[in-house]
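Comments concern the structure below.
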Amino acid sequence: MATLSDIGVSALINILSAFAFLLAFALLRIQPVNDRVYFPKWYINGERASPRRGGNFVAKFVNLDFKTYLTFLNWMPQALKMSETQLINHAGLDSAVFLRIYTLGLKIFVPIAVVALLILIPVNVSSGTLFFLRKELVVSDIDKLSISNVPPKSIRFFVHIGLEYLFTIWICYMLYKEYDNVATMRLHFLASQRRRAEQFTVAVRNVPQIPGHSIADSLDHFFKTNHPDTYLCHQAVYNANKFASLVRKRDRLQNWLDYNQLKFERNPEKRPTKKIGFLGLWGERVDSIDFYKQQIKEFDKRMELERQKVLKDSKSILPVAFVSFKSRWGAAVCAQTQQSKNPTLWLTDWAPEPRDVYWRNLAIPFVSLTIRKLIISLSVFALVFFYMIPIAFVQSLANLEGLERVAPFLRPVIELKFIKSFLQGFLPGLALKIFLYVLPTILMIMSKIEGHIAVSTLERRASAKYYYFMLVNVFLGSIVTGTAFQQLHSFLHQPPTQIPRTIGVSIPMKATFFITYIMVDGWAGIAGEILRLKPLVIFHLKNMFLVKTERDREMAMDPGSVDYPETLPSLQLYFLLGIVYAVVTPILLPFILVFFAFAYLVYRHQIINVYNPQYESGAAFWPHVHSRIIASLLISQLLLMGLLSTKEAANSTPLLVILPILTLSFHKYCKSRFEPAFRKHPLEEAMAKDLLGRTTEPDINLKAFLADAYLHPIFRSFKEEELVEIRVDKVRVDRHQSYADNAQSRDDISSPSPPHHAYHPTSPPHHSYHQPTTSPPQDIYHHGIPPQYDYNHYGYHYEAESWTSRD
């Protein structure tokens, strides 16, 4: 059991680590050579020029303005200057609402911490029960500040129950207020968007195959019959996964060719060579440049054959389509209604925005989705219990005294003072962090296997799996496993009737482990986030060996977006710890507050200067955040009921029974009151937007605007005459169209159309808009440059006067 000195050692190590990371970041960010690593967002928006242009040679790498070293901490106030409205314009609503989760944590826990520390600590300390149990149980000074120190049948438990009611009321009030604000922000955000493809488009799955008719014919006939006044056109979806795989392989060959050509340019006297055997370890030595040119030439032939196969084979067309309508109202009606008397056919839902589509999963047969979800559910269940093994090992490190009683031969090493403090105060949290490092990647792969067609949905599903894992393994698993190790000696030498009492007393003692985890993950870990050490090293390695053009440099600095599948569940774990331990062991709350304040500051800086969102969901993740905080409340109430039952508090425990019922009723009300704003689009809003559009853009050619909005990324590389054949209702799959239809198609194609979409070979196929901000989009077929998405220029202008926060 970690003592106060062990916690002090852990705090010292983590504070020094965090300070070292922050100091390194503050110095590295002002160096010209690192500018693209710490400010990529501004480069992508075209609002920042490289400081390495001009000046002497040394100044291109090192900041010679020594005055800036005196103000190296000015990033903190700068991160707070941008208002929330400006932040939405700059980074989107998802990013702004993500930051509100941290401010919600502060709003909830600051008053709770003040009340709990002022009231519960004196109540717990003055009881002194653990003084009489110190020979039976492993206890520490921190445990004396918890509810474990209150004697059985004590009238003091009414104080804990009263505060549990007070804290629940306060948390529900803040959740209601925040849900109301976020729902209002979402509706105003959607209303303020300019014309966008997904506003008029519906994703249709499980299109039935009618004998003698193509998928395109079936789609055209069905929607002209059932939506005659609003149906505009459709875009069939092709199974092009094999072609996409060829493109990725060709891109890798192109990178190797670029590398060898750059190498030859730097040393013209010697042409690079390679062995063509296994892994280049043996075989004939050939000229690298000629070898990769020949490989690329052969791949181009294979890709051309596969392209033709996709176009000519009717089986390549999937029973999935993106159907567009003449109005937002028409799309809303179709997306939110059942289309057929058979509820398994013609399934409709709002289409993701083009860059949010995960194209690979569109090829998955609809009938297999249920089976896939069942298999993945069983796999997640098995994974959770598989991870119990390392979790148990981590907890054995956290409870050395209990382990000594079982394995006394380890005592000479464990009893060394510094080693003991290090093992108990720092190593458990670090070990748990390491064990959890690869888990988000595994869960994301599982979510992709489930078959979701939007990247945003994939991330929300992966986030849900990670949350359940954190709840079962990190929270409940740490308590149960840790308690079993810690109290093993006591369990083996006492009557069975006393075991429930021992568990009830020992559960609050796990606060010491969670304090160490918060310091490792929430203090030092967040400081490591702002340092961006891994992206820094990767950028300079790419810049040194692979970067040949400005396009290559933009690819090398790709910052990605906020890692929601990992960050959101971790955030929800902190809410869970704070809510559960607010009444049980309130000394944990100050550590939670430091995390929320520090993480808010860091992520605000990262969102403003670093991250470039891959998609915009309009804060669609908020209902999940709300539900999991409610779940934390219910867990807290049930655990407190169980704990008091072991304390023989028969008179006071029944008072808690009504609390979960009231909490569930509150959750049901919020779900019916606010969640529809995140699941459906009101017809009233859609019609109002349509009327406004007809007034402001009376001559818009909507068909031309939607012509290739949902065109499969691989067709980006097709010739224009081939592109005509697969455009939205330009040429049918059977290709038997009249000359007049073809002429009309060419007229549509020549009309103004939105920016094209580009395939990114280095990542799963998806769409990306390239906005004409300060420089025109470039051809990125070979290089996979990250999308340039300007929220001010394309549908995300958010007027300051359009809404008022209700904080």
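The values are calculated or read from the model by the stated rules, or taken from the named source; none is laboratory data. These numbers were taken from a predicted model, which means no experiment stands behind them. Quick reminder, even Gly has a Cβ in these numbers, built from the backbone with ideal geometry, and neighbours come from all protein chains shown. Only protein heavy atoms, including side chains, enter the accessible area calculation; ligands, DNA and RNA are left aside. Shrake-Rupley method; radii C 1.70, N 1.55, O 1.52, S 1.80 Å.
Quick check: from the Cα gyration tensor, does the range 198-352 come out rounded (a/c under 1.5), prolate or oblate?
Since a/c reaches 1.5 and a/b is larger than b/c, the shape of the range 198-352 is classed as prolate.
May I ask you to list the lysines whose Cα is less than 25 Å away from that of K144, ignoring any residue fewer than eight positions away on the same chain?
Filter leaves K135, K153, K417, K420, K510, K647.
Could you give the length gained by full extension between R48 and S83, i.e. 0.36 nm per residue of separation minus their alpha carbon distance, to one decimal place? Could the numbers behind the result be given before it?
Values: separation 35, 0.36 × 35 = 12.60 nm, distance 2.01 nm.
Contour length minus the Cα-Cα distance gives 10.6 nm.
How high is the relative contact order of the range 198-352? Use alpha-carbon pairs under 8 Å, at least six apart in sequence, and give a whole percent. Display every interim value, and only then the final one.
Working: 207 pairs, mean separation 72.6, N = 155.
With pairs under 8 Å counted, the relative contact order is 47 percent.
Might you tell me the accessible area per residue for the range 170-266, computed with a 1.4 Å probe and given in Å²?
40
Tell me, what % of the accessible area of the range 198-352 is carbon and sulfur with a 1.4 angstrom probe?
On the way: 4280 of 8050 Å².
C and S atoms contribute 53 percent here.
Can you find, among S245, I317, N342, the residue farthest towards the positive end of the dipole of the range 198-352? Put +1 on the C-beta of Lys and Arg, -1 on that of Asp and Glu.
Farthest towards the positive pole: S245.
Can you tell me the order of 605-611, 372-378, 472-478 when each peptide is scored by its average per-residue count of other Cβ atoms within 10 angstrom, highest first? Numbers along the way, then the final one.
Numbers: 605-611: 21.4, 372-378: 14.1, 472-478: 19.7.
With the highest mean Cβ count within 10 Å placed first, the list reads 605-611, 472-478, 372-378.
Can you pull the one-decimal nm distance between simple spin-label points at L311 and F366, each 7 Å off the Cα toward Cβ?
About 2.9 nm separates the two model spin labels.
Once you order the gyration tensor axes a ≥ b ≥ c over the Cα atoms, which shape class does the range 547-693 get: rounded for a/c under 1.5, otherwise prolate or oblate by comparing a/b with b/c?
Oblate is the answer for the range 547-693, as a/c is 1.5 or above yet b/c matches or exceeds a/b.
Which of the listed residues, N206, V286, Q235, is farthest toward the dipole's positive end in the range 195-302, when Lys, Arg count +1 and Asp, Glu count -1 at the beta-carbon?
Final value for the positive-end residue is V286.
Please get the size of the charge dipole for the range 198-352, origin at its Cα centre, with Cβ charges of +1 on Lys and Arg and -1 on Asp and Glu, quoted in debye to the nearest 20.
My answer is approximately 540 debye.
Reachable lysines from K680, Cα under 27 Å, same-chain residues fewer than 8 places away excluded?
Answer for K680, where 27 Å is the Cα cut-off: K177, K224, K326, K341, K373, K448, K465, K668, K671, K689, K703, listed by chain and number.
Do the alpha carbons of any pairs in K249/K297; K107/K534; K249/K275 sit beyond 23 Å of each other, and which pairs?
Numbers: K249/K297 13 Å; K107/K534 33 Å; K249/K275 19 Å.
Check vs 23 Å cut-off fails for K107/K534.
Given the C-alpha centroids of the range 507-558 and the range 296-373, what is the distance between them in whole angstrom?
Between the Cα centre of the range 507-558 and that of the range 296-373, the gap is 36 Å.
What lysines could a cross-link reach from K242, if we take a straight Cα to Cα line under 16 Å and drop same-chain neighbours fewer than 8 places away?
Straight-line reach from K242, under 16 Å: K301, K309, K312, K315.
Considering only L659, G693, H681, whose Cα is most displaced toward the positive end of the charge dipole of the range 599-702, charges sitting on Cβ of Lys, Arg (+1) and Asp, Glu (-1)?
The Cα lying farthest towards the positive end belongs to L659.
What does the accessible area per residue of the range 628-699 come to in Å², with a 1.4 Å probe and no ligands, DNA or RNA counted?
Working: 3960 Å² over 72 residues.
Each residue of the range 628-699 exposes 55 Å² on average to a 1.4 Å probe.
With θ set to phi - 60° and the Karplus curve 6.51 cos²θ - 1.76 cosθ + 1.60, what are the ³J(HN,Hα) couplings of the range 63-78 in order, to the nearest whole Hz, using x for Gly and Pro?
6, 9, 8, 5, 5, 5, 6, 7, 10, 5, 9, 6, 5, 5, x, 5
Which of rounded, prolate, oblate describes the range 183-253, given a ≥ b ≥ c as roots of the alpha-carbon gyration tensor eigenvalues and a/c under 1.5 marking rounded, otherwise prolate only if a/b is larger than b/c? List each step's numbers first, then the result.
Values: a/c = 3.08, a/b = 1.11, b/c = 2.78.
Oblate, since a/c reaches 1.5 and b/c is not below a/b.
Within the accessible area of the range 527-634, what % is carbon and sulfur when the probe is 1.4 Å and the other protein chains stay in place? Walk me through the numbers on the way to the answer.
Working: 1880 of 2870 Å².
In the range 527-634, the share of accessible area belonging to carbon and sulfur is 66 percent.
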